[in-house]
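Beneath this line is the structure, given in structure tokens, with notes to follow.
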Amino acid sequence: MAPEVLQGMPLDEKADVYSYGIVLWELFTETEPFAEHSQFKTFVRAVCQLQERPPIPPYVIFDDYFYDCY
């Protein structure tokens, strides 16, 4: 879920781009993003305030397009 969605802010195409980047990450890593956050409140803080993003494993090679989404 994009930070804008979590914060109840107005949405634009940036939220879609963020979500697309997360979906790409899930497809390439075959894991759940932010699995270390067991509580929703800590997840929201990590994504919205700390701007946490799932790490990109070294074995996954992405085009620059992915980094623009991420």
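The values are calculated or read from the model by the stated rules, or taken from the named source; none is laboratory data. From a predicted model like this one, the values you see are computed outputs, not experimental measurements. Every residue, glycine as well, gets a Cβ built from its backbone with ideal geometry; the counts of neighbours run over all protein chains shown. Remember, those area values only see protein heavy atoms, side chains included, never the ligands or the DNA or RNA. Shrake-Rupley method; radii C 1.70, N 1.55, O 1.52, S 1.80 Å.
The figures follow:
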read-out	value
Residues satisfying the stated conditions in region 33-60, i.e. touching a helix residue (DSSP H, G or I) at 6+ places or on another chain (Cβ under 7 Å) and either open to solvent by 100 Å² or more (accessible area, probe 1.4 Å) or under 19 Å from Leu6 (Cβ atoms) (or both)	Pro33, Phe34, His37, Val44, Val47, Cys48, Glu52, Pro54
Within region 5-32, tally of residues that are in contact with an Asp or Glu (Cβ under 9 Å, 6 or more places away or on another chain), open to solvent by less than 50 Å² (accessible area, probe 1.4 Å) and of a type in the set (A, V, I, L, M)	1
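One line per residue, one yes/no per condition, for (1) more than 12 Å from the chain's Cα centre (by Cα); (2) assigned to a loop (DSSP other than H, G, I, E, B):
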residue	(1), (2)
Val17	no, no
Phe28	yes, no
Phe43	no, no
Gln51	no, yes
